[in-house]
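Just so it is clear, none of the values below were taken in a lab; they were calculated from the coordinates. Just so it is clear, the structure is predicted and the values come from calculations on it, not from any experiment. For neighbour counting, all protein chains shown are included, and Cβ atoms are generated from backbone atoms with ideal geometry for every residue, glycine included.
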Amino acid sequence: MAEKRDYYEVLGVSKGASDDEIKKAFRKMSKKYHPDLNPNNKEAEKKFKEVNEAYQVLSDPEKKSKYDQFGHAGVDPNFGAGGGGFNGGGFDFGDIFGDFFGGGFGGFGGGQRRNGPKRGADIRKIIDLTFEEAAFGCHREMSIQAQEKCETCGGSGAKKGTTAQTCQHCHGTGQIRTQQRTVLGYMTNVTTCPHCHGEGKIVKDPCPDCRGTGKVRKSKKIEVDIPAGIDDGQTIQLSGKGEAGDKGGPNGDLLLTIRVHPHQMFKREGTNVFIDMPISFVQAALGATVQVPTLDGPVELKIPEGTQTGSKFRMKGRGIPSIRSKVRGDQYVTVNVEVPRNLNSKQKELLREFEEDKNYKQKKSFAEKMKDFLNK
C-alpha cells in the first residue's frame, strides 16, 4: 500500500503557508497537471488527483488543524473506527499479505468485489471566459458527451423481459477462493471470478441498445451560472452531472475549470484591478480631470498639479466582486507622463524660459548633492 506524500510537499508550500499561498499554489499545480492539458498522461492525471486531495484538506481550517496534528491519520475517515480494541492502526492486512502472496492469508482475504454500487466517473471541461465575464459572472449553455443509464433496460444490461442471472461459479460474490496448506498454515487465495469478471451476475440476453453494459453514450445540454468574481484556474463542481454510475451507484460530477483570457488594458490581482494610463506633460504639471477606463465604463479621475510619472491613484470599489462576500475590490491607476516630441521653435523657447531649478525639487536637490560630492 503506497504511502501518501505530505500535502504541503504536494502543493510545494511550507507548513506555515497562508491561505492565499495555499490557494495560489493549488491554482498553479492544478493548471499544470489538468487532464485536459495533458491528454492520455496517466502520471499527470495521478498528480492532478493528488493536488486536489491536498487542497481539499489544507483549504479547510478544521481538516488542516487535524492534519497538522496527526498527519494523514487525522483526516482519514477510517482512523480510530471500531469504538475500541485493536483495529490494525488503519492497515489493510489483505493488501499487506497480498503484496507477498498474491492473495489473502489466513482468511484475511484480498481482491475487490465489483458487484456492488459504483460511482460514475467525473467529467472535466475547460470554460473560456472574457475578463468581464469572470468579473461580473455570466450564464453558459454547453453540450457534453456522457454515459447515461440505458432507459430500455433500466441500467440492468439485460434484454427487456429478462434479468441478469447470479453467477453459479462464484455464487454472486464476484470472487473465487482457493485454499492451500503450507508450512505457515492455510493460505487463502482470492481472485476475480473469470466467468462474470467480478460482477457476480451474468447477462445471458443482453439489451440491444446498450449491449449489456447498462449505459449508453448521449449528448446532453448543461446550463451553468458562473459566479461573479471567479478567477483563472478555479473549478466549478456540478454534482451528479458526470458519467452514470454502475449497479445503482450515483453519477459522477462535472468539473468545469475556468480559463480567463487576458485583457488588453486591465490586470487582476485578487479582487483588485490595475491599469497604466498615459497623461500629457501639461496635465501632469497643471493638473487635470481625466477619463479613466473602468469595468463600469469611463469614470472621471482628478490629477493634482505637479503629478510625477509613476504616481498611483486608488479608485475605491471599482475592482472585482469577491466570490464569497460580493464586496468589490479597488482599481489602481498608475500614470505615466508622456514627454512631448517634435516641438516647434516657439514651444521650445517657452520651455527654456520655464527651465529653472526652483521648478524641479528633485533636480535641485540632486544638483546640490553633486556639488557637495565634487568639492570633497
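Suppose R0 equals 30 Å; then what is the FRET efficiency for residue 24 and residue 288 from their Cβ-Cβ distance, rounded to the nearest 0.05?
On the way: r = 38 Å, r/R0 = 1.27.
Calculated transfer efficiency: 0.20.
Filter the cross-link list 28/221; 220/326; 4/218; 42/125; 42/64; 4/32 down to pairs whose alpha-carbon distance in this structure exceeds 25 Å.
On the way: 28/221 30 Å; 220/326 32 Å; 4/218 37 Å; 42/125 17 Å; 42/64 28 Å; 4/32 20 Å.
Result: 28/221; 220/326; 4/218; 42/64 exceed 25 Å.
For residue 288, list long-range residues whose amide hydrogen, built 1.01 Å from N in the peptide plane, is under 5 Å from its own amide hydrogen.
Placed amide hydrogens put 303 under 5 Å from residue 288.
Suppose R0 equals 35 Å. What FRET efficiency, 1/(1 + (r/R0)^6) with r the Cβ-Cβ distance, do residue 31 and residue 221 give to the nearest 0.05?
Plugging the Cβ-Cβ distance into 1/(1 + (r/R0)^6) gives 0.85.
Assuming R0 = 56 Å, can you tell me the calculated FRET efficiency for the pair residue 142 and residue 6, based on Cβ-Cβ distance, to the nearest 0.05?
Details: r = 37 Å, r/R0 = 0.66.
Calculated transfer efficiency: 0.90.
List the residues, sorted by chain then number, that are 5 or more residues from residue 123 or on another chain and whose placed amide H is less than 5 Å from its amide H.
243, 253, 254, 255
Using all C-alpha to C-alpha distances in segment 254-355, build P(r) with 5 Å bins and read off the rounded percent in each one.
3, 11, 18, 18, 15, 11, 8, 6, 5, 3, 2, 1, 0, 0, 0
Dividing the alpha-carbon Rg of segment 123-208 by 2.2 N^0.38 Å yields what? Display every interim value, and only then the final one.
Numbers: Rg = 23.8 Å, N = 86, 2.2 N^0.38 = 12.0 Å.
Here the Cα radius of gyration is 1.99 times the empirical estimate.
Taking 2.2 N^0.38 Å as the expected size of a compact globular protein, what ratio does the Cα radius of gyration of segment 217-266 give against it, to two decimals? Kindly include the intermediate steps, with their values, before the conclusion.
Details: Rg = 14.9 Å, N = 50, 2.2 N^0.38 = 9.7 Å.
Normalised Rg, Cα atoms only: 1.53.
Based on Cα positions only, what radius of gyration and what Dmax would you give for segment 1-69, in angstroms?
Using the Cα atoms of segment 1-69, the pair Rg, Dmax is 12.3, 37 Å.
Semi-axes, largest first, in whole Å: what does sqrt of 5 times each Cα gyration tensor eigenvalue give for segment 263-305? Before the final figure, lay out the partial values.
Values: eigenvalues 104, 23, 16 Å².
In descending order the semi-axes read 23, 11, 9 Å.
Given H placed on each backbone N at 1.01 Å, which residues far from residue 201 in sequence or on other chains put an amide H within less than 5 Å of it?
The answer is 167.
So how far apart, in nm, are the two label points at residue 59 and residue 130 if each is 7 Å from Cα heading toward Cβ?
About 2.7 nm, to one decimal.
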